[in-house]
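Engineer: Right, I'll just put the structure down here and ask away after.
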Amino acid sequence: MTAIDTPAPATTRRLTTAKAMAEGIALEMAANPEVFYLGEDVGAYGGIFGSTGGLLEQFGPQRVMDTPISESAFIGLAIGAATEGMRPIAELMFVDFMGVCLDQIYNHMAKIHFESGGNVKVPMVLTTAVGGGYSDAAQHSQCLWGVFAHLPGMKVVVPSTPYDAKGLMISAIRDDNPVVYMFHKGVMGLPWMAKNPRATDVVPEEAYEVPIGRARTARPGTDCTIVTISLSVHHATDVADRLAADGVADVEVIDLRSLVPLDREAIWESVSRTGRLVVVDEDYRSFGMSGEVVATITDRDPTVLRRPVQRVAVPDVPIPYAHGLEHAILPNTDRIEAAVRAVVGA
Amino acid sequence: MAGIVEVRFPVMSTDDPTAQGVVSTWFVRDGEPVAAGQLVAEVQVDKVSMEVPAAVAGTVHLLVEEEAVVEQGSVIATIN
Amino acid sequence: MTVTSPPHTSTGQAGPDAATRLGLYRQMVLIRTFEEALLRDYHADKSPVWDIGAGLIPGEMHLSAGQEPVAAGVCAHLTADDAVTATHRPHHLAIAHGMDLRRLAAEIFGRETGLGRGRGGHMHLFDPGTHFSCSGIIAEGYPPALGQAFAFSRRGTDRIAVAVTGEGAANQGAFHETLNLAALWKLPVVFVVEDNDWGISVPRSASTSVPSNAVRAAAYGMPGERVEDNAVEAVWEVAARAVQRARTGGGPSLIEVHTLRLWGHFEGDAQGYRTDLEGIADRDPITTYEATLRADGVLDDAAVTAARTDALAAVDDAIAFARSSPIPDPAQATAYVFTEEVPA
């Protein structure tokens, strides 16, 4: 025992995805007084899916604001404030509520920069909770990123991990364009939802950016590529680990992280190498993300595909309530595994 | 001389002192170093959650598993 | 509360002074001159068969003849630092709020020198220099005005936002959401409703459950006043109160003006449904105001001629600028979606 204190060893600081997202917001709010957050139940409640935990206590009600149930009005408010140079973050509580305010989003937020010939910027973030699996039924379980990605003028990011949740949030706030930030309830690490071990992980304490428009390789592999996003990254990785342990296939998992811009180069690089593609998409199958990923390959050179593509998506049906029905239509690990086996011929 | 500091499940329900809860998430692994103030666990009684930070720096030892039912106020980890 | 024109006493205490009155008249003449030029140029090359997409000014055209008093009366109290959001019928407000006529005309003609480099067109005018914007979606210009007011308020200024829409829009959801939030958060906004009696072809009596939207203002916790006779000075007086209230932290209020759509909803509208066209020229607010000002000795022949001459000079210059400006390069049709180029 010496009189001099020995320095403490470095710690491994972990956060849930929700806390990481909130930490990213807090760092940017501390750095820039013109960043503010508004939405329903984002104040004292901390966001019903934990997106703003601790922010009201840190920044007060002038910067973390509960709104009435008036999405057109408060998202429009965010738009107007952004055109004046502020950096608002507006939360659409469930993406399924887009119907009540879609005009402000796709006809205003997304188009003002273009219509003004680039003279007016809209540097705002629209956060929204997506995803199912806990029996919230047809109007509260959707992903709908295909809709937002389809409409021009807004970037779309969908983090799957705590590290990316923080980094993409910081990038989104700093971006001068409107960014739709879609967080899956099942990746948030909420104590009141089914346990997800991948929802908690090491997150650096400082501010850092994850580039918008760049995919990451969640798991490298050689036999087959799974291209996916959001919670499905976790399921795909679980399937890939199991198939590797069983000696069936060495599967590469690409986490797109962004849909607009879409990292077509990353998709191409992987699929042109493995020759086998499975797309996992928790949004509706037709006319959406999964088709776009396939077109990324077929537009360029369909002959790199050694087998037809397998798409594992939610069929074109409203999401059912009963647990068994819901899990039959979600892109669960059984369906993902069957798809991989089909393209590798196992 | 380093002592052993107990990390207790917070008393969250004062109406029912014998209420039980769970450690819903451990944010540290057994034997890891922790800093003072670092987030160690999130615990839950009924629908209410609470964060448990480390009171001191040191090495943490976990005494209960995630989702195991424990009494509020009980010792769930130690730091030395 | 319904307001008709204030009495014009020699002391002028109820209304604007002579210089202001002359300014209101000249502003309205400028607007009308511009709209008449567009009327002419819009239709000139769409004959013999009228094709909406043909000609130097293609697309829909919604002109504001008859609604000049709203623009002149309200915007007289604003500076370029105040925000205005308008509708698919925006020109009168754009001009009265000080938008550069050349850049306005060039945008309407779809030229590279236009406010939006030809990307927006007449319903999507954005002028950061005057914090002016407009939208082609009914009532959806109301919510962004809240945000501009919010930014001004947060930055500790006395700048305000004026949000303008029509009586038909006052039945759209965004209108009601916006009024509620503005009053709840006491934002510095003036809401203006231009009641020109017609939502395209549907009269207000067939669309609106209450006699005026000034009544609806009370439902949202803010004062509301209705100007009944499309008189620019009545608008000016009511607007003075509303603007002052917003500037001094008194929160939002609503002004409804019973105004007049002299021409069709859009150019090419045959207006067969319209029942009030007989004698409509007699209700032209500029003609009426001219007569009033002549009677009060504010206007004489020379001043009337000067107003018209000056307006023509400015409008002719703007239109000539537009006509001679370059057409946007089709190879750049996908530019300006984001602030940086993004791979397709």
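The values are calculated or read from the model by the stated rules, or taken from the named source; none is laboratory data. Just so it is clear, the structure is predicted and the values come from calculations on it, not from any experiment. Here Cβ is always computed from backbone atoms with ideal geometry, including for glycine, and neighbour counts include all displayed protein chains.
Engineer: Give me the strands (runs of 3 or more DSSP E) completely within the range A:26-107, filtered to those with at least 3 residues that are away from chain C (no Cβ under 14 Å) and within 21 Å of the chain's Cα centre (by Cα), ordered by residue number. First the steps, then the outcome.
Structural biologist: Numbers: elements: A:35-39, A:64-66, A:87-94.
Answer list for the range A:26-107: A:87-94.
Engineer: Could you list, in sequence order, all residues of the range A:228-257 that are among the small types (Gly, Ala, Ser) and surrounded by fewer than 24 Cβ atoms within 10 Å (Cβ to Cβ)?
Structural biologist: Once the filter is applied, which keeps residues that are among the small types (Gly, Ala, Ser) and surrounded by fewer than 24 Cβ atoms within 10 Å (Cβ to Cβ), the range A:228-257 yields A:Ala244, A:Ala245, A:Gly247, A:Ala249.
Engineer: Kindly establish whether C:Gly268 is closer than 25 Å to C:Thr79 by Cα and assigned to a loop (DSSP other than H, G, I, E, B).
Structural biologist: Working: closer than 25 Å to C:Thr79 by Cα: no; assigned to a loop (DSSP other than H, G, I, E, B): yes.
Answer is no for this residue.
Engineer: Report the residue count in the range A:224-270 for those that are in contact (Cβ under 8 Å) with a residue 60 or more places away in the chain, out of contact with any helix residue (DSSP H, G or I) (no Cβ under 6 Å at 6 or more places or on another chain) and within 14 Å of chain C (Cβ to nearest Cβ).
Structural biologist: Matching residues across the range A:224-270 total 3.
Engineer: Now a separate question. Determine if the range A:301-311 includes at least one residue that is surrounded by 20 or more Cβ atoms within 10 Å (Cβ to Cβ), touching a residue at least 60 places away in the same chain (Cβ under 8 Å) and in the same structural domain as A:Asp281 (by TED's automatic domain parsing).
Structural biologist: no
Engineer: Something else: Here are C:Ala217, C:Ala170: which of them is more than 10 Å from chain A (Cβ to nearest Cβ), part of a helix (DSSP H, G or I) and either at pLDDT below 95 or within 19 Å of the chain's Cα centre (by Cα) (or both)?
Structural biologist: Working: C:Ala217 fails: either at pLDDT below 95 or within 19 Å of the chain's Cα centre (by Cα) (or both).
It is C:Ala170.
Engineer: If you don't mind, another one. Identify, please: which residue in the range C:129-163 is charged (D, E, K, R) and facing chain A (nearest Cβ under 10 Å) and is, among those, surrounded by the most Cβ atoms within 10 Å (Cβ to Cβ)?
Structural biologist: C:Glu140
Engineer: Taking B:Lys47 as meeting all but one of (1) facing another protein chain (nearest Cβ under 8 Å); (2) surrounded by 12 or more Cβ atoms within 10 Å (Cβ to Cβ), write down the number of the exception.
Structural biologist: Among (1) facing another protein chain (nearest Cβ under 8 Å); (2) surrounded by 12 or more Cβ atoms within 10 Å (Cβ to Cβ), the lone unmet condition for B:Lys47 is (2).
Engineer: Report those strands (runs of 3 or more DSSP E) wholly inside chain B carrying at least 3 residues which are acidic (Asp, Glu).
Structural biologist: In chain B, no matching strands (runs of 3 or more DSSP E) lie anywhere.
Engineer: Go through (1) in contact (Cβ under 8 Å) with a residue 40 or more places away in the chain; (2) out of contact with any Phe, Trp or Tyr (no Cβ under 9 Å at 6 or more places or on another chain) one by one and return the number of the condition C:Ile137 breaks.
Structural biologist: (1)
Engineer: Right, A:Ala81: surrounded by fewer than 24 Cβ atoms within 10 Å (Cβ to Cβ), assigned by TED's automatic domain parsing to the domain that holds A:Thr127 and over 25 Å from A:His184 (Cβ atoms) or not?
Structural biologist: no
Engineer: Hey, A:Ser141 hits all of (1) assigned to a loop (DSSP other than H, G, I, E, B); (2) of a type outside the set (Lys, Arg); (3) out of contact with any helix residue (DSSP H, G or I) (no Cβ under 7 Å at 6 or more places or on another chain); (4) within 13 Å of chain C (Cβ to nearest Cβ) but one; which does it fall short on?
Structural biologist: Result: A:Ser141 fails condition (4) only.
Engineer: Give me the strands (runs of 3 or more DSSP E) completely within the range A:151-203, filtered to those with at least 1 residues that are hydrophobic (A, V, I, L, M, F, W, C) and away from chain B (no Cβ under 14 Å), ordered by residue number. Give the steps one after another, and end with the answer.
Structural biologist: Numbers: elements: A:155-157, A:179-184, A:200-202.
Output list reads A:155-157, A:179-184.
Engineer: Being of a type in the set (A, V, I, L, M) and touching a Pro at 6+ places or on another chain (Cβ under 9 Å) narrows it down to one residue among C:Ala206, C:Ala182, C:Ala219, C:Ala169; which is it? So that I can check it myself, show each step before the final result.
Structural biologist: Values: C:Ala206 fails: touching a Pro at 6+ places or on another chain (Cβ under 9 Å); C:Ala219 fails: touching a Pro at 6+ places or on another chain (Cβ under 9 Å); C:Ala169 fails: touching a Pro at 6+ places or on another chain (Cβ under 9 Å).
Every option except C:Ala182 fails the conditions.
Engineer: While we're on this one: Only one of (1) surrounded by 18 or more Cβ atoms within 10 Å (Cβ to Cβ); (2) touching a strand residue (DSSP E or B) at 6+ places or on another chain (Cβ under 9 Å); (3) not in a helix (DSSP H, G or I) is not met by C:Arg245, so which one is it?
Structural biologist: Only one criterion is unmet by C:Arg245, namely (3).
Engineer: Could you list, in sequence order, all residues of the range A:20-59 that are touching a Gly at 6+ places or on another chain (Cβ under 8 Å) and surrounded by fewer than 24 Cβ atoms within 10 Å (Cβ to Cβ)?
Structural biologist: If the condition is that a residue be touching a Gly at 6+ places or on another chain (Cβ under 8 Å) and surrounded by fewer than 24 Cβ atoms within 10 Å (Cβ to Cβ), then A:Ala26, A:Glu34, A:Asp41, A:Gly46, A:Gly53, A:Gly54, A:Leu55, A:Leu56 are the ones that fit.
Engineer: State whether the residues of the range A:109-130 include one that is more than 21 Å from A:Leu38 (Cα to Cα), at pLDDT 95 or above, more than 9 Å from every other protein chain (Cβ to nearest Cβ) and buried (at least 24 other Cβ atoms within 10 Å of the Cβ).
Structural biologist: no
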